[in-house]
Amino acid sequence: MRIARTVKAKLLIAFGLILALNIAVGVLAFRGFSQTETTLDQLSDESLADIVAAMTLAHDSSALAALAPFVSSVRVMNELENESARLSARIGEFTSFVQRLPTSPAFMDEGRRERVQALAGDLSRELVALIATTKQSLDIRADLAERRYGLDGRAALIDRLNAGGERGHQLADRFVEAIELVLVALAGENDYTIVALESQYGALLADIYNMPEAQTGAGTGAIEFLREQQSTFQLNRRDLETQQRIRFLLSTIHTLSTQLGEEVSSIVETTSTAVTQRSLEAVRTLGSSKEFITLLGALAIVAAALAAFYVMRDLARNLEDVTDAMTRLAAGDRSASVPGLTRDDELGGLARAFNVFKDASLERESLAKQVSENSRMVEAMFSNMVDGICVFDDAGYLVAWNPKFLAIYGMNPEDVDTGMTFADVVQHFTSGGGIALGLHGHRLSPGEMLGNRRTEAAQFELHFADSRVVDVRSQPMPLGGFVTTYTDQTERRVVDRQLREAQRMEAVGQLTGGIAHDFNNLLAAISGNLQMLHEELYADQTVAGRLVRALDATERAAAVTQRLLAFARQQTLQPRMTDINALITGLLDLVEYGLGAGIEVKIELDPNLPETFVDPVQLENAILNLVFNSRDAMQGGGIIQIRTWTEGSEEARNIRLSVRDAGEGMSEAVLARIYEPFFTTKEKGRGTGLGLSMVYGFIKQSGGDIAIESQPGRGTLVILSLPCITMATPISARLQEKLLSISGSGERVLIVEDDPIMRATATDMVSRLGYEVVAVPDVEQAKAALTGNAFDLVFTDLILPQGMTGLDVADYAEAIRPGLPVLFTSGYARDGADRRVVLPPEASLIEKPYAMDALARALRASLHQRGSATG
């Protein structure tokens, strides 16, 4: 059998035990109590129900009447809605209860019942009317509050009116009189006063409207403002009417409650009389059964005491534990707990509810701590942002900023507070020589800087006197005001300018390299044909002399294209480990001889300067170009300083070489074009404009960098930077210079050249060297020739039509004839060819234009390589 676990079950058991005892004793005294029982039943059935109904009616009517003043005093609409809902529910219950009142001669007759129901209905209706009137009063007072808030803008209007001169002052005085009438009306306590004030206000408003100043400028705003306030008088009258209505309803409710109380008192008196009569009858009946009742009472008291001791001991102990745990938890003891979690009764539920409450408290405490930490983190982020940020409210006052904002404007923290206006910030900026520029480069006034930033996004730039450029972006905030970020763009602008310059130089280099390549093709054809004519007409001295001069001109033209290729970083370098200090010292005699009188060269060389992997010949040319440029810049003589040093760590060291002069210097416009091919500031005939272009290309091709600092009248400083490479890059082994013969012996050579003039020239030159030649213009014909014929060598141009290259010819030849030698030729250098072409290190290349003897050695060397490989 399951034992009862809940407190309710235990109480039922206890009361059942008491009832059982009473029944047992009653059975024993049945005879003595039968009459008493009948009397008590009549009293209980007829009188007690009437008493309970009367007391309930009195309690409910008094409670409703007591709630009426509280409802009328509520001043918050949400609270009124809640109280209205509660009062409406109470009214419904009260009305329902009144409709169910019993009718009996001892309690109330039908006429009294109708009077009570009528009074209750009137009371309910008056309470409902009170709720509606109170809501109406709150709405009216909310409108009056809006009118009061609207008066806050009068100061700005008064200032604007006073700015209009003497007539503006008059209009401002009348405007102030009208506002004072509105303020008096807001404080008015009777309808008569408000009506009188409204009449005065209307007359004053008509006078103001007829003033000429009221029709223009700030006057129209003042008229509109006063018209908006005109409804204040009507609202105040309505407020007085609602307050009077509320007082009337309260008085009516009090009267109805009093009348209902009198009816209830009469009902209670009638009921009490009936109860008294029946009580006397019961007393007389009980008198005869006193002994039995005494015995019954004693037994019931004993049983109740035992039940109370059994139940209350358990209840009191557990409730004390819960109270103690709640007290400890409130004091901050998070280890507080209560017993009885596993119980199935109400005490167990209370213990579990305590644990839920404890967990919720701990969670709220954790959330509060997390919110605090997040707030500190946001504050730290705000203070440590890379960009400056500030916030202005809707009135244009500074309300928040971070340290970067102060740093950008150069302000001290003690000079800035939350009362600072936007105009103050702009004044500080412009007083320091700063200007603001729009996105299209136009200058902005302080007014344009503010613009419509309260409602629209804005962007412009601040240019400070110290050449800093700050990007300003502003966004309006939903609740008014705007937030602005300041991003320092100075370094980015420098990087962008350098990037554009590098891209421009890269484009010029690509164009220059392409032109040089085409010139080399033309020069190769011209030079080859001239060489062959020279061999044929050698005996005719007159013609031979002309041919020699033509060949000399082609060599000079080839030198020019080599300088262009140097600028385009497409020349062939021959780097080796070089002592730069020794190279400079060795140049001194040559340099001093070529400088002339009045020019002195001073050197400052780092004795610990390491050797590096660089082309010494090209480096000599670069230094000579820089020194001679310095000489030309100092027409009256001066000192040229050459200096070397190292910078950087052991893992990434750079060698620096500088040449400084005290010449006439260069302007920014000249510096912007200083590396362009053929650009020169020298007199006609004194320079080609390729010197610095060649130096630029050589340094970039060597993995270094060049920087030039110059100002008119203050001389020029050129700094060359080269990577410090301590080990030479492995290079291909050179062929033996002494070969058995440099002429052919009838070997078959396949020539692949797309340019028809160059193809014919190459065919003639190779044929004259003793080879049997087959010439084709493209890759497809080369493949056909290789498939159907046997060749000893392929001589192919690198760049061929239809997107093909000489490497495609070489790959096909290797596929069908493994080991077949291939000699490449190009107007580009090996490292400056088309980006599609990457020649392997062991590939043989002869650059255009080439001499007859150079071509003979290259052909023989390629054939010799084949013989060495097969041998």
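Between residue 251 and residue 709, the modelled label-to-label distance comes to 9.8 nm, taking each label 7 Å out from Cα in the direction of the beta carbon. The alpha carbon centroids of segment 412-481 and segment 362-406 are separated by 21 Å. For the pair residue 605 and residue 443, the difference between a 0.36 nm per residue extended length and the Cα-Cα distance amounts to 53.3 nm.
Between residue 22 and residue 427, what is 0.36 nm times their sequence separation minus the Cα-Cα distance? Round to one decimal in nm.
Details: separation 405, 0.36 × 405 = 145.80 nm, distance 9.90 nm.
Gain on stretching residue 22 to residue 427: 135.9 nm.
Gain in length, residue 376 to residue 535, computed as 0.36 nm per residue apart minus the alpha-carbon separation, to one decimal in nm?
On the way: separation 159, 0.36 × 159 = 57.24 nm, distance 9.14 nm.
Taking 0.36 nm per residue and subtracting the Cα distance, the gain is 48.1 nm.
Counting heavy atoms of the protein chains alone, residue 17 has an accessible area of about 100 Å² for a 1.4 Å probe. In this structure, the amide hydrogen of residue 599, modeled 1.01 Å from its nitrogen in the peptide plane, lies closer than 5 angstrom to those of 638, counting only residues at least 5 positions away or on a different chain.
Prolate is the label for segment 350-479. Its Cα gyration tensor axes, ordered a ≥ b ≥ c, give a/c of at least 1.5 and a/b above b/c.
At 7 Å along Cα-to-Cβ for each site, give me the label-to-label distance between residue 471 and residue 162 in nm. It is 4.5 nm. Which of the pairs 700/848; 783/848; 135/369 have their Cα atoms more than 32 Å apart in this structure? Going by Cα-Cα distance, 135/369 fall outside the 32 Å limit.
Based on the Cβ-Cβ distance of residue 319 and residue 78, what FRET efficiency does E = 1/(1 + (r/R0)^6) give at R0 = 35 Å, to the nearest 0.05? Using R0 = 35 Å, I get an efficiency of 0.45. Given a 1.4 Å probe and the protein chains as shown, residue 266 ends up with an accessible area of around 30 Å².
Highest mean packing comes first when the peptides 136-148, 803-815, 375-387 are listed by Cβ atoms within 10 Å, giving 803-815, 136-148, 375-387.
Residues whose amide H comes within less than 5 Å of that of residue 773, counting only those at least five positions distant or on another chain, are 749 (H built at 1.01 Å from N in the peptide plane). In the complete set of protein chains, residue-level accessible area for residue 246 is approximately 10 Å², probe 1.4 angstrom. Ranked by the mean number of other Cβ atoms within 10 Å per residue, highest first, peptides 406-418, 483-495 order as 483-495, 406-418.
In terms of solvent-accessible area of protein heavy atoms at a 1.4 angstrom probe, what is the ranking of 272, 467, highest value first?
Values: 272 50, 467 90 Å².
I get 467, 272, largest accessible area first.
The values are calculated or read from the model by the stated rules, or taken from the named source; none is laboratory data. Keep in mind that this is a model prediction, so the values were computed, not measured. Every residue, glycine as well, gets a Cβ built from its backbone with ideal geometry; the counts of neighbours run over all protein chains shown. SASA here: full protein model, heavy atoms, side chains in, ligands and nucleic acids out. Shrake-Rupley method; radii C 1.70, N 1.55, O 1.52, S 1.80 Å.
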